[in-house]
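Undergrad: Shown below is the structure under consideration.
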Amino acid sequence: MTFLKMLMGYEAPVIDFPFARSDVAMYGQLQGGAPCIDAQTWDELQLDAYLERVADGGSIFGRQALYRRLLTGRDAAYARVRKLADDDAALAALTPACRGLRAVECEVAQMLFGPAPERSPRWSRWLGALPAAFMLSVPLAFVWAPGWIVALVLWLALMGVQAAWYARAQDWGQRITALQQLLRAHSLLGALPEESAAAPYAAALRGGAREAGRASRTLGRSLMHKIPGASEYSEWMLLANITHYFKSRNAFIERLPALRDSYRLVAELEADMALARHVRGLDVVCAVEEGDAVVFDRVVHPLVDEAQPLSMAVRDGGAFISGQNGVGKSTLLRTVGLNLVAARAFGWCYAQRAQAPLRPVYASMHNEDSLADGESLYLSEVRRAQELLTLAGQGAAVFLIDEIFRGTNHMESVSAAAAVLDELARHGMVIVSSHNVVLAPLLAHVLAPLCVEPDEHGRLHVRSGVLARTNGIALLSQHGFGHAIDAKARKVHTWLSSHLAHPQNCDGVLQP
């Protein structure tokens, strides 16, 4: 039955293998171009979870293409994806041709876009003679006694070759199998009828479809490899796996440019299909208008269930965001960041209307101390601030910063934060949130003050201005600290407010 299924073009069952991030990132790192996001920003904006959301139902190939777009932002094509999302017949025709890609258990981007393997050594072409010689030596041994010695030597040679090359041949064979699934998808997509609704989306694959099929057959194993029980015999007695390894290596090198083209075409189309399925399930999404300002009308975070939509506008140097504890300032920053990444990578935002600069995005939201590295919280923040300043010198970008310099005393925190934020704002757009509201007047010449607060109905909105009423001390009472602690805290707060805070006298402190 297995043999008959194979002859009839039986498709491997869907596996959806759980690939590591390093595998998903391989194509983007090898071929993606200059990254517009660094590792810390990727983690802080939860882009792994976001990638899982948009790539749902796709294979490793589509995920790798989507990772590249998120990393480099080189394919903002919402109109193309929207058209496919609205074309039920096209998606229904394209999906079966790509289903086999989800049976792949290893990634091949490194194989295709990394250093090419060396050509097989010349002696490998004679490997087929070794099993033949052993087979002849066995009957010879029955009529000529020394023939047993010859047979034993040849058998040991067979085992030695197998032991020396078995691991490499097995790994290579798995990757060739994955590559064959890719080539099969290319062949199926390119063979879709021209009158099919999917034909316009697969048009680029039509020219190389036949060559993809031939390449798959050339790189593949013999039919014996598919017959149960025969595979092991052919490997250990005939060196079928080793001879295939050396033979297919040369065939792979000769066809490498065409194989790379097949990968790009199939992976990018599957990425578009994943995005189309994602868009179909959204209530709010819009094409982004490119501009110098960040303007969102009822924007939401796609990973937050029942997220409250917010509207905001940030122009010129950026914005200083204040708000009471727990109101959602950090979530707002992540909402802005993820929408900026989606705008640059896919050409859309999760809003009713959006305008955004298609620039690199860098975040500093969750710095921590490290016992392993001997790095305190403040030193971690200092290191990240230095990284952001270095990135600012490389070109215009958007910087998202939450509670900068928490790891030192209040006065030094405000002083260092003001200096760093002022410098960053001179090289790009800075959107920062902080409980140190004294920073707002210090940075008013570069960062517009915005405040996140609930309205009379409890719905959040963003208004111009600075938080007037904090709730840090009030939360003490709400969490049962008692009247005595509450009274002492308010007494100290009153003293600090009158002796240390003089925002009305700080205009122009940082202006040149």
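The values are calculated or read from the model by the stated rules, or taken from the named source; none is laboratory data. Quick caveat, the model's predicted, so the values are computed rather than measured. All Cβ positions, even for glycine, are placed from backbone atoms using ideal geometry, and neighbour counts span all protein chains on display. Ligands, DNA and RNA are excluded from the accessible area calculation, which covers all protein heavy atoms including side chains. Shrake-Rupley method; radii C 1.70, N 1.55, O 1.52, S 1.80 Å.
Undergrad: Residue under question is residue 210, and the condition is that it be over 27 Å from residue 121 (Cα atoms), modelled with pLDDT of 90 or more, within 32 Å of the chain's Cα centre (by Cα) and in a helix (DSSP H, G or I); does it hold? Working first, answer last.
TA: Details: over 27 Å from residue 121 (Cα atoms): yes; modelled with pLDDT of 90 or more: yes; within 32 Å of the chain's Cα centre (by Cα): yes; in a helix (DSSP H, G or I): yes.
In short, yes.
Undergrad: Please specify each residue of region 405-433 satisfying the condition of being crowded, with 18+ Cβ neighbours inside 10 Å and in a helix (DSSP H, G or I).
TA: Correct list: 413, 414, 417, 418, 420, 421, 422, 424, 425.
Undergrad: Still on this structure, I have one more. Just one of 93, 103, 97 is modelled with pLDDT under 95 and surrounded by 20 or more Cβ atoms within 10 Å (Cβ to Cβ); which is it? So that I can check it myself, show each step before the final result.
TA: Values: 93 fails: surrounded by 20 or more Cβ atoms within 10 Å (Cβ to Cβ); 103 fails: surrounded by 20 or more Cβ atoms within 10 Å (Cβ to Cβ).
So the residue among 93, 103, 97 that is modelled with pLDDT under 95 and surrounded by 20 or more Cβ atoms within 10 Å (Cβ to Cβ) is 97.
Undergrad: Return a yes/no flag: does region 438-446 have any residue that is without any contact (Cβ under 8 Å) to a residue 40 or more places away in the chain, over 16 Å from residue 400 (Cβ atoms), open to solvent by less than 40 Å² (accessible area, probe 1.4 Å) and outside any strand (DSSP E or B). Don't jump to the end; show me each part of the working.
TA: The initial filter retains those residues of region 438-446 that are without any contact (Cβ under 8 Å) to a residue 40 or more places away in the chain, namely none.
Among the residues of region 438-446, not one is without any contact (Cβ under 8 Å) to a residue 40 or more places away in the chain, over 16 Å from residue 400 (Cβ atoms), open to solvent by less than 40 Å² (accessible area, probe 1.4 Å) and outside any strand (DSSP E or B), which makes the answer no.
Undergrad: Can I ask one more? In region 267-318, how many are in contact (Cβ under 8 Å) with a residue 24 or more places away in the chain, in a loop (DSSP other than H, G, I, E, B) and among the charged types (D, E, K, R)? It would help to see each step written out before you state the result.
TA: Step one: of region 267-318, the residues in contact (Cβ under 8 Å) with a residue 24 or more places away in the chain are 267-280, 282, 284-304, 307-312, 314-318.
The next check asks that each one be in a loop (DSSP other than H, G, I, E, B); those that pass are 282, 284-285, 291-293, 300-304, 307-309, 315-317.
Filter once more, keeping what is among the charged types (D, E, K, R): 292, 315-316.
So the answer is 3.
Undergrad: All but one of (1) farther than 19 Å from residue 100 by Cβ; (2) modelled with pLDDT under 90 hold for residue 226, so report the exception by its number.
TA: (1)
Undergrad: Answer yes or no as to whether residue 68 is buried (at least 17 other Cβ atoms within 10 Å of the Cβ), within 16 Å of the chain's Cα centre (by Cα), basic (Lys, Arg) and within 13 Å of residue 345 (Cβ to Cβ). Explain how you work it out, then say what you get.
TA: Numbers: buried (at least 17 other Cβ atoms within 10 Å of the Cβ): yes; within 16 Å of the chain's Cα centre (by Cα): yes; basic (Lys, Arg): yes; within 13 Å of residue 345 (Cβ to Cβ): yes.
Here the answer is yes, as residue 68 does meet what is asked.
Undergrad: When only residues in region 20-58 that are part of a loop (DSSP other than H, G, I, E, B) and charged (D, E, K, R) count, which is nearest to the chain's Cα centre (by Cα)?
TA: Keep residues of region 20-58 that are part of a loop (DSSP other than H, G, I, E, B), which gives 20, 32-38, 45-46, 55-58.
Those left that are additionally charged (D, E, K, R): 38, 56.
On the way: 38: 11, 56: 13 Å.
That would be 38.
Undergrad: Something else: If residue 348 passes every condition in (1) touching a residue at least 12 places away in the same chain (Cβ under 8 Å); (2) more than 26 Å from the chain's Cα centre (by Cα) but one, which one does it miss?
TA: (2)
Undergrad: Quick one: would you say residue 150 is crowded, with 17+ Cβ neighbours inside 10 Å and without any contact (Cβ under 8 Å) to a residue 24 or more places away in the chain? Step through it out loud before you land on a result.
TA: Details: crowded, with 17+ Cβ neighbours inside 10 Å: yes; without any contact (Cβ under 8 Å) to a residue 24 or more places away in the chain: yes.
The answer is yes for residue 150.
Undergrad: Can you tell which of 109, 178, 133 is hydrophobic (A, V, I, L, M, F, W, C) and over 30 Å from residue 205 (Cβ atoms)? Explain how you work it out, then say what you get.
TA: Details: 109 fails: over 30 Å from residue 205 (Cβ atoms); 178 fails: over 30 Å from residue 205 (Cβ atoms).
So the residue among 109, 178, 133 that is hydrophobic (A, V, I, L, M, F, W, C) and over 30 Å from residue 205 (Cβ atoms) is 133.
Undergrad: Select from region 381-404 the residues that are open to solvent by less than 50 Å² (accessible area, probe 1.4 Å), acidic (Asp, Glu) and part of a helix (DSSP H, G or I) and list them in ascending order. So that I can check it myself, show each step before the final result.
TA: First, pick out the residues of region 381-404 that are open to solvent by less than 50 Å² (accessible area, probe 1.4 Å): 381, 384-385, 388, 391-392, 395, 397-404.
Pick out the ones that are also acidic (Asp, Glu) and you get 381, 402-403.
381, the sole residue that qualifies.
Undergrad: Given (1) open to solvent by 10 Å² or more (accessible area, probe 1.4 Å); (2) assigned to a strand (DSSP E or B); (3) in contact (Cβ under 8 Å) with a residue 60 or more places away in the chain; (4) out of contact with any His (no Cβ under 8 Å at 6 or more places or on another chain), identify the lone condition not met by residue 321.
TA: (1)
Undergrad: Report yes if residue 346 is within 19 Å of residue 303 (Cβ to Cβ), surrounded by 24 or more Cβ atoms within 10 Å (Cβ to Cβ) and of a type outside the set (D, E, K, R), otherwise no.
TA: Yes.
Undergrad: For residues that are in contact with a helix residue (DSSP H, G or I) (Cβ under 6 Å, 6 or more places away or on another chain) and farther than 18 Å from residue 103 by Cα, tally how many sit in region 16-35.
TA: Applying the first criterion (in contact with a helix residue (DSSP H, G or I) (Cβ under 6 Å, 6 or more places away or on another chain)) to region 16-35 yields 16, 19, 24-28, 30-33, 35.
Now narrow it down to the ones that are farther than 18 Å from residue 103 by Cα: 25-28, 30-33, 35.
Adding up the residues that qualify gives 9.
Undergrad: Please go through region 101-154 and pick out each residue that is farther than 27 Å from residue 172 by Cα and of a type in the set (Ser, Thr, Tyr).
TA: 137
Undergrad: Residue 81 is checked against (1) in contact with an Asp or Glu (Cβ under 9 Å, 6 or more places away or on another chain); (2) open to solvent by 10 Å² or more (accessible area, probe 1.4 Å); (3) of a type in the set (Val, Ile, Thr) and fails just one. What number does that condition carry?
TA: The failed condition is (2).
Undergrad: Step by step: first the residues of region 349-378, then only those that are open to solvent by less than 50 Å² (accessible area, probe 1.4 Å), of a type in the set (Ser, Thr, Tyr) and in contact with a Phe, Trp or Tyr (Cβ under 8 Å, 6 or more places away or on another chain), then the one that is modelled with the lowest pLDDT. Which residue is that?
TA: 364
Undergrad: Suppose we filter region 45-65 for residues that are crowded, with 22+ Cβ neighbours inside 10 Å and of a type in the set (D, E, K, R); how many remain?
TA: 1
Undergrad: Return the pairs, sorted by first residue and then second, in which the second residue is among the aliphatic types (A, V, I, L, M) and open to solvent by 10 Å² or more (accessible area, probe 1.4 Å), the first residue lies in region 107-118 and is in a helix (DSSP H, G or I), the beta carbons are less than 6 Å apart, and the residues are 6+ apart or on different chains.
TA: If the second residue must be among the aliphatic types (A, V, I, L, M) and open to solvent by 10 Å² or more (accessible area, probe 1.4 Å), the pairs left are 109/26; 110/26; 113/30.
Undergrad: Which of the residues that make up region 145-176 are more than 30 Å from residue 111 (Cβ to Cβ) and within 51 Å of the chain's Cα centre (by Cα)? Steps first, answer last, please.
TA: The first filter runs over region 145-176 and keeps only residues more than 30 Å from residue 111 (Cβ to Cβ), leaving 145-156.
Listed by number, the residues that qualify are 154, 155, 156.
Undergrad: While we're here: Go through region 119-147 and give me each residue that's surrounded by 11 or more Cβ atoms within 10 Å (Cβ to Cβ) and not in a helix (DSSP H, G or I). If you could, list the steps in order and put the result at the bottom.
TA: At the first step, the residues of region 119-147 found to be surrounded by 11 or more Cβ atoms within 10 Å (Cβ to Cβ) are 119-120, 124-125, 127-128, 130-141, 144, 147.
Within region 119-147, 119, 120, 127, 128, 144 qualify.
Undergrad: If you check residue 458 against the conditions, is it under 15 Å from residue 384 (Cβ atoms) and open to solvent by 30 Å² or more (accessible area, probe 1.4 Å)? Full working, then the answer.
TA: Details: under 15 Å from residue 384 (Cβ atoms): no; open to solvent by 30 Å² or more (accessible area, probe 1.4 Å): yes.
Criteria not met by residue 458.
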